[in-house]
Amino acid sequence: MILLSDDEKFKREMLSRVRSFSRDEANRFLNIIATKHNNSTDYRGLICGTLKHLSANLYSSPMHFLSEIIQNFEDNEYDAQQKPWHLKIVVARDYLLFCNNEIGFMPKHVYSICSMAESTKSMGKHIGHKGLGFKSVFLCTDNPIIVSKPHWSFEFAKTAGNDEMAYITPIGVDLDDPKHAILRNETESNESCNTFMFLPLKEIYKYSETNEIAKEYFRNIFQNINSNVLLFTNKLEKIVLDDRINNRQLEITCQKASVKSFESEKIRLFNSEIVINSSEKKFKYKIVQREIEIPSEFAREENFEIHSGNVTKISLAFPDTNLLEDDLTYPVFAFLPVCDLGFKFIINCYWSLVTSRESINEHSRLNRFFRDRIVDLFVWTALNDDEIRSNLQCYLPKKSPEMSDWWKLLVNDIKSKVKPIITGLFTKDQRVQLRIFSDKILKDLIDPSDEMALESGANFKLIYAHKNNLTENDLEYYDFKPFNLLDLLECLKSKNQVMLDWIGSRSSLWWESLYKHLYKEFSSEPTQSIRDLTKNASIFLIRAAQIYVCRNRSFRLWRDGIKLVDYESQVEEKFLRECLKIQEMSATDLVGYILTKHIGGEVASKDQVWRDLEYVKENFEIYQQYAQDRDALGSQSLLLPVVSLKRDKYLPYQYTMVPTL
């Protein structure tokens, strides 16, 4: 049997109380804690080293204590008759003061503050739960003072003469002492508040016009009082910033209105509006909130408090599009900002955090579960909310250098699942191929006025980055490609009348530009696709068995197997001769072609045969030379039409009798 001292009995009895205790009892409770810490010798060096680390090295940002303090006040208990529940932050030249209208400290709260990593909070019910948040105030002060009406007033005093145990050793404070006049005046002038946290600043941070370090410090304070914290607080409804350096006061409130509920999906949509000074500034957000059931094994691993059937909530907040400035990003929240990954929307849930609360615990199975549910909720919102869907490209997450592989999985999953939705923003026709219109590519061949012809005539739709608050890089990130030369050649293959009309309306300068692009492409190493499309595009007429350049535009060829082309510019000539290897047609080429067709019996009509023979007659010397250089017998196989009553008939001329007069 262990006998407890009177002080230990009193401490345990006080920890069980809620409200019924006196100031004398409160002071005795503080003295018991202080005596225990001052007389502690076991592991004192280890404890002091740990406390030093917690207060100075745990947090990478000197401003993190602001989030920790706001978190503590959000987790406080409040009287329903004392609304609005609020936090007032006083920023003065040599101190910071936090005033809150909670119901006041109980002994267990004081004991937690005076302990190391011992908390009255639990994950899943409170924002903070590790018992470390208050220690972060030692980043800016050596002498924090807490007043909680009606009975608590104590301080922690780290001086040159004591060690780090001072961080958790309370000292009673008499507010009637003249040295505490400022704090006493503050508690009296803020009658609606019950709890005060007074932080006299370290000398290096005290404001003066010549202290550049302090001026920068105060600028960071103002920037880090994030108005968005009220989006997800369950208790705090208002934050008042009393800036006594710049003689201004800002009042921040959050007005929430339920818009829609989707019971089958366990989803609610809210329109939320952060209002600063009621009229000066308004920041609008659409919040999508879903109830999810946490697997019990995940909850047990994280000591997540199970209540309401293992149910918790995840939320996404989408800022109004006028808040989506290029350099403005939104942090990931665990009800308060945790880390900024460059997202254009806010993620919030009961993440399991690392000890410093400055990042998500990426080894947690619970967090992986939350991450996958967040992807599902983002995709659901894109599918079901017209406003979000129409501006979806503004909110899509992108990878950034500072992002870990863990978060890149979230980005990749969203990317793959929303691609069909993004495509649907531009067209409902699955046959249409989407291409980015870029003024850097083919700008001399394609402009916005060509959009209708390309879409209706060749199933290519041009999309414009600037019309959708995007850059070309944004669209390419989601696998959309710029309209390029290969696409243009595909269009030129089309037999659609709209496209044929469009082709026919191109100017000579347009064609010259096209051939410049083609020549440049062939001058490097053209892809097989470019080669194939060049041969098959109807404008090049290269489907024919043979093609030649012919400068005599009055010449009319009667044979379909040969196509004659001409050029209108030097670059077109270079493309035809050097890239496509097309030579100028000679009489020898045509005579040889005629003879080849006659040998094979490829004649279509008597008119065609007589025109063949007429051309051979006009170029008889060439014909003879051709016959001499090649097969003499074959050269005698020119066909002649013979009289037949039933159908046209042709025989080689050496087997025919030509009537004479």
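The values are calculated or read from the model by the stated rules, or taken from the named source; none is laboratory data. All of these numbers come straight from a predicted model, not from anything done at the bench. Because the Cβ atoms are built from the backbone with ideal geometry, glycine has one as well, and the counts that use them run over all protein chains shown. Ligands, DNA and RNA are stripped out before the accessible areas are found, and what is left, the full protein with its side chains, is counted by its heavy atoms. Shrake-Rupley method; radii C 1.70, N 1.55, O 1.52, S 1.80 Å.
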Could you please let me know if Leu475 is more than 30 Å from Leu377 (Cα to Cα) and either not in a helix (DSSP H, G or I) or not charged (D, E, K, R) (or both)?
-> no
Say whether the condition of being under 43 Å from the mean Cα position of the chain (by Cα) and at pLDDT 90 or above is met by at least one residue in region 146-162.
-> yes
Selection count where residues are at pLDDT 90 or above and either open to solvent by 20 Å² or more (accessible area, probe 1.4 Å) or more than 23 Å from Glu293 (Cβ to Cβ) (or both), scope region 332-341 | 1
Look at region 144-197 and say how many of its residues are surrounded by fewer than 12 Cβ atoms within 10 Å (Cβ to Cβ), hydrophobic (A, V, I, L, M, F, W, C) and under 21 Å from Asn76 (Cα atoms).
-> 0
From the set of residues in region 230-245 that are within 28 Å of the chain's Cα centre (by Cα) and in a loop (DSSP other than H, G, I, E, B), which is surrounded by the fewest Cβ atoms within 10 Å (Cβ to Cβ)?
-> Asn234
Exactly one of Ser272, Ser261 is touching a residue at least 24 places away in the same chain (Cβ under 8 Å) and under 30 Å from Val379 (Cβ atoms), and that one is Ser272
From the list Glu387, Glu455, which residue is in a helix (DSSP H, G or I), open to solvent by 40 Å² or more (accessible area, probe 1.4 Å), of a type in the set (Asp, Glu) and more than 30 Å from Arg290 (Cβ to Cβ)?
-> Glu455
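Every residue, every condition in (1) in a loop (DSSP other than H, G, I, E, B); (2) of a type in the set (Phe, Trp, Tyr); (3) touching a strand residue (DSSP E or B) at 6+ places or on another chain (Cβ under 9 Å), yes or no:
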{"residue": "Glu325", "(1), (2), (3)": "yes, no, no"}
{"residue": "Phe335", "(1), (2), (3)": "yes, yes, yes"}
{"residue": "Leu341", "(1), (2), (3)": "no, no, yes"}
{"residue": "Glu358", "(1), (2), (3)": "yes, no, yes"}
Report yes if some residue within region 110-129 is touching a Ser or Thr at 6+ places or on another chain (Cβ under 6 Å), surrounded by 14 or more Cβ atoms within 10 Å (Cβ to Cβ), closer than 24 Å to Lys11 by Cα and at pLDDT 90 or above; otherwise report no.
-> no
Just name the residue that is modelled with the lowest pLDDT out of those in region 580-591 that are open to solvent by 20 Å² or more (accessible area, probe 1.4 Å) and of a type outside the set (Asp, Glu).
-> Leu580
Exception for Thr423 within (1) touching a strand residue (DSSP E or B) at 6+ places or on another chain (Cβ under 8 Å); (2) free of Cβ contacts under 8 Å to residues at least 60 places away in the same chain; (3) not in a helix (DSSP H, G or I) falls at (3)
Inspect all residues belonging to region 206-214 and state whether any of them is of a type in the set (Gly, Ala, Ser) and assigned to a loop (DSSP other than H, G, I, E, B).
-> yes
Out of all the residues in region 134-143, which are open to solvent by less than 20 Å² (accessible area, probe 1.4 Å) and either modelled with pLDDT of 90 or more or not aliphatic (A, V, I, L, M) (or both)?
-> Phe134, Lys135, Ser136, Phe138, Cys140, Thr141
Region 560-576: number of residues that are touching an Asp or Glu at 6+ places or on another chain (Cβ under 9 Å), of a type in the set (A, V, I, L, M, F, W, C) and farther than 12 Å from Cys550 by Cα = 1
In contact with a strand residue (DSSP E or B) (Cβ under 6 Å, 6 or more places away or on another chain), touching a residue at least 40 places away in the same chain (Cβ under 8 Å), over 22 Å from Lys461 (Cβ atoms) and open to solvent by 40 Å² or more (accessible area, probe 1.4 Å): does that describe Arg373?
-> yes
Would you please name the residue that is most open to solvent (accessible area, probe 1.4 Å), looking only at residues in region 390-409 that are in a helix (DSSP H, G or I) and more than 14 Å from Lys344 (Cα to Cα)?
-> Asp405
Go over the candidates Glu251, Glu203 one by one and state the one that is over 16 Å from Ser67 (Cα atoms) and either of a type in the set (Lys, Arg) or out of contact with any strand residue (DSSP E or B) (no Cβ under 8 Å at 6 or more places or on another chain) (or both).
-> Glu203
Are there any pairs, at least 6 apart or on different chains, whose C-beta atoms fall under 8 Å, with the first in region 463-485 and under 13 Å from Thr423 (Cα atoms) and open to solvent by 50 Å² or more (accessible area, probe 1.4 Å) and the second assigned to a loop (DSSP other than H, G, I, E, B) and at pLDDT 75 or above, and if so, which?
-> none
Got a sec? Which helices (runs of 4 or more DSSP H) wholly within region 1-95 have at least 1 residues that are at pLDDT 80 or above and in contact with a helix residue (DSSP H, G or I) (Cβ under 7 Å, 6 or more places away or on another chain)?
-> 6-15, 23-38, 64-74
